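Reviewing the structure listed below.
The values are calculated or read from the model by the stated rules, or taken from the named source; none is laboratory data. Keep in mind that what you see is a predicted model, and the values were worked out from it rather than measured. All Cβ positions, even for glycine, are placed from backbone atoms using ideal geometry, and neighbour counts span all protein chains on display. These accessible areas exclude ligands, DNA and RNA; they are computed on the full protein's heavy atoms, side chains included. Shrake-Rupley method; radii C 1.70, N 1.55, O 1.52, S 1.80 Å.
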Amino acid sequence: MNFLRMSELNLTDKVVLIREDLNVPIKDGKVTSDARLQASLPTIKMALEKGAAVIVCSHLGRPTEGNPEAVYSLAPVADYLTEKLSSQLSTPVRLNSDYLTQGANVKSGEVVLLENVRFNDGEKKNDATLAKKYADLCDVFVMDAFGTAHRAQASTEGVTQAMRQADKTVCAGPLLAAELDALSLALETPAQPMLAIVGGSKVSTKLEVLHSLAEVCTQIIVGGGIANTFLAAQGHSVGASLYEADLLDTARDIMTKTEILLPEAIGDNDMILDIAPESAKQLADAIINAKTILWNGPVGVFEVDAFGQGTQILATAVRDSDGFSIAGGGDTLAAIDKYQVADGVSYMSTGGGAFLEFVEGKVLPAVAALQIDA
Ligand code: ADP
Ligand code: MG
């Protein structure tokens with residue numbers, strides 16, 4: 001897919017509106033986990049270096065539209081950005097709450113943060129009038145929020161369409177572009193053998209992912225509660241373990257398309273909660289030999305140390321493999337963090353739901369809207 005990239009545009013004296021995913025946990029007015037904010041900083045810095053007047057917008061949490069509650073304010077994020085951008089800014093990042101009526105009022109070299117877009121009526125419904133108001137604020141719109149790209153909303157897909165109608169420039173920010181590049185590399189033209197690791201608790205949430213991956217992967221390691229359904233589909237007893245009886249035929253169908261590697265399980269009172277170290281080591285060999293690795297879902301209840309060994313062994317193999325590796329999913333990233341293997345993972349996707357939908361082969365509406373002819 002072809003799209004313009006912010007990195008290739010001249011932004012001198014342009015008013016640039018950047019949609020980021022700044023949806024971070026906040027407690028007592030302070031940001032408690034800043035991974036998403038850190039990820040957005042290079043984009044904002046690049047826009048400043050290019051001489052732009054920068055407007056940043058995002059959603060935060062799930063407020064009721066039209067009812068701006070203080071707990072959902074982006075004010076703590078404005079403070080965070082002011083601190084992190086201090087070497088490039090002469091004035092603090094301003095939080096702007098009345099931009100829909102008063103405009104953004106931003107000059108080159110400044111950053112204005114728009115208050116939570118989900119305070120606005122019509123944001124989630126992708127209201128065209130609201131989208132046009134966002135578009136009216138800027139000369140260039142930069143979509144950089146991969147994690148929200150699977151939903152067509154006014155500050156993502158709607159504003160992109162409104163910009164096009166006004167003959168103004170839309171482009172992908174560096175974070176979104178890197179995400180699309182990595183995912184395309186892993187899924188469109190993967191170096192073979194490609195191996196996927198799909199874990200988690202339920203097959204039903206990973207069914208479409210498994211179907212799509214079965215088309216491109218030489219092997220899929222199926223772990224976690226999902227493995228139980230595959231073991232049961234092969235006629236093995238899974239005791240009292242979690243498995244989905246209505247999905248046995250689907251599991252058999254997936255097994256005809258690709259080689260499914262099933263671990264031997266270890267359990268607790270007949271519950272399968274992790275994979276046995278011996279079989280984890282065999283699976284690790286397959287991971288080491290893969291040229292492309294895609295990982296979504298822990299293969300055990302790794303939150304409990306006693307059931308984390310299998311996930312740790314596989315995570316270490318992903319780190320040690322020379323293949324191109326890509327990982328996504330909230331719990332998967334938590335496992336990568338827990339076992340400190342991030343350095344050896346080629347790309348970690350920032351979008352949970354958007355990552356899964358991309359892997360499923362679905363079109364992400366806010367990405368599709370950026371497409372240009374070759
Ligand atoms: P991600 O967030 O990376 O997409 P999921 O949400 O699909 O991953 O799955 C993660 C959850 O699956 C974890 O909370 C983990 O404890 C659980 N899980 C893994 N293995 C099992 C198992 N054998 N039985 C029950 N739950 C499991
Ligand atoms: Mg999860």
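A few points about this structure:
- Counted residues, the range 315-336 - those being more than 17 Å from Gly200 (Cβ to Cβ) and not in a loop (DSSP other than H, G, I, E, B): 6
- Check on Val299, of a type in the set (Val, Ile, Thr), part of a loop (DSSP other than H, G, I, E, B) and free of Cβ contacts under 8 Å to residues at least 60 places away in the same chain: no
- The residue list Gly29, Gly51, Gly61, Gly66 contains one member that is closer than 26 Å to Asn126 by Cβ and over 24 Å from the mean Cα position of the chain (by Cα), which is Gly66.
- Every listed requirement among (1) modelled with pLDDT of 90 or more; (2) within 17 Å of Leu314 (Cβ to Cβ) is met by Gly225 save one, (1).
- Scan the range 215-232 for residues that are under 17 Å from Lys257 (Cα atoms), open to solvent by less than 20 Å² (accessible area, probe 1.4 Å), outside any helix (DSSP H, G or I) and touching a residue at least 60 places away in the same chain (Cβ under 8 Å) and the total you get is 2.
Residue-by-condition table, conditions (1) closer than 22 Å to Phe355 by Cβ; (2) over 27 Å from the mean Cα position of the chain (by Cα); (3) modelled with pLDDT of 95 or more; (4) within 13 Å of ligand 1 (Cβ to nearest atom):
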site	(1), (2), (3), (4)
Ile221	yes, no, yes, yes
His236	no, yes, no, no
Thr258	yes, no, yes, no
Asp274	no, no, no, yes
Ile288	no, no, yes, no
Lys291	yes, no, yes, no
Trp295	yes, no, yes, yes
Phe302	yes, no, yes, yes
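- Close Cβ contacts (under 8 Å, 6 or more residues apart or on different chains) running from residues in the range 340-362 that are closer than 14 Å to Leu210 by Cα to residues that are part of a loop (DSSP other than H, G, I, E, B) and more than 13 Å from ligand 1 (Cβ to nearest atom) comprise Glu357/His150; Glu357/Leu364; Phe358/His150; Phe358/Leu364; Lys362/His150.
- Of all the listed residues (Ala335, Ala327, Ala342, Ala315), the sole one being of a type in the set (A, V, I, L, M), modelled with pLDDT of 95 or more and out of contact with any Phe, Trp or Tyr (no Cβ under 9 Å at 6 or more places or on another chain) is Ala342.
- Residues of the range 286-317 that are over 28 Å from Thr189 (Cα atoms) and open to solvent by 20 Å² or more (accessible area, probe 1.4 Å): Val301, Glu303, Val304, Asp305, Ala306, Phe307, Gln309, Gln312.
- Residues within the range 62-81 that are open to solvent by less than 40 Å² (accessible area, probe 1.4 Å), outside any loop (DSSP other than H, G, I, E, B) and not hydrophobic (A, V, I, L, M, F, W, C), tallied: 2
- Hey, Ala334 open to solvent by 30 Å² or more (accessible area, probe 1.4 Å), within 16 Å of ligand 2 (Cβ to nearest atom) and of a type in the set (Gly, Ala, Ser) or not: yes
- Of all the residues in the range 196-209, those that are farther than 21 Å from Gly308 by Cα and either part of a loop (DSSP other than H, G, I, E, B) or more than 16 Å from ligand 2 (Cβ to nearest atom) (or both) number 2.
- A single member of Ala162, Ala182, Ala186, Ala177 is part of a helix (DSSP H, G or I) and without any contact (Cβ under 8 Å) to a residue 40 or more places away in the chain, and it is Ala162.
- For the range 24-42, the criterion of a residue being surrounded by fewer than 16 Cβ atoms within 10 Å (Cβ to Cβ), of a type in the set (S, T, N, Q) and in a loop (DSSP other than H, G, I, E, B) is satisfied by at least one position.
- Scanning the range 5-23 for residues that are under 21 Å from Ala75 (Cα atoms) and either open to solvent by 50 Å² or more (accessible area, probe 1.4 Å) or of a type outside the set (Val, Ile, Thr) (or both) yields Leu17, Arg19, Glu20, Asp21, Leu22, Asn23.
- Exactly one residue out of Ala354, Ala286 is out of contact with any Cys (no Cβ under 8 Å at 6 or more places or on another chain), within 16 Å of ligand 2 (Cβ to nearest atom), in a helix (DSSP H, G or I) and within 30 Å of Tyr243 (Cβ to Cβ), and it is Ala354.
- Residue check, Ser108 under 28 Å from Ser349 (Cβ atoms) and at pLDDT 95 or above: no
- Taking the range 93-105 as the range and being part of a loop (DSSP other than H, G, I, E, B) and more than 18 Å from Val77 (Cα to Cα) as the test, the residues that pass are Gly103, Asn105.
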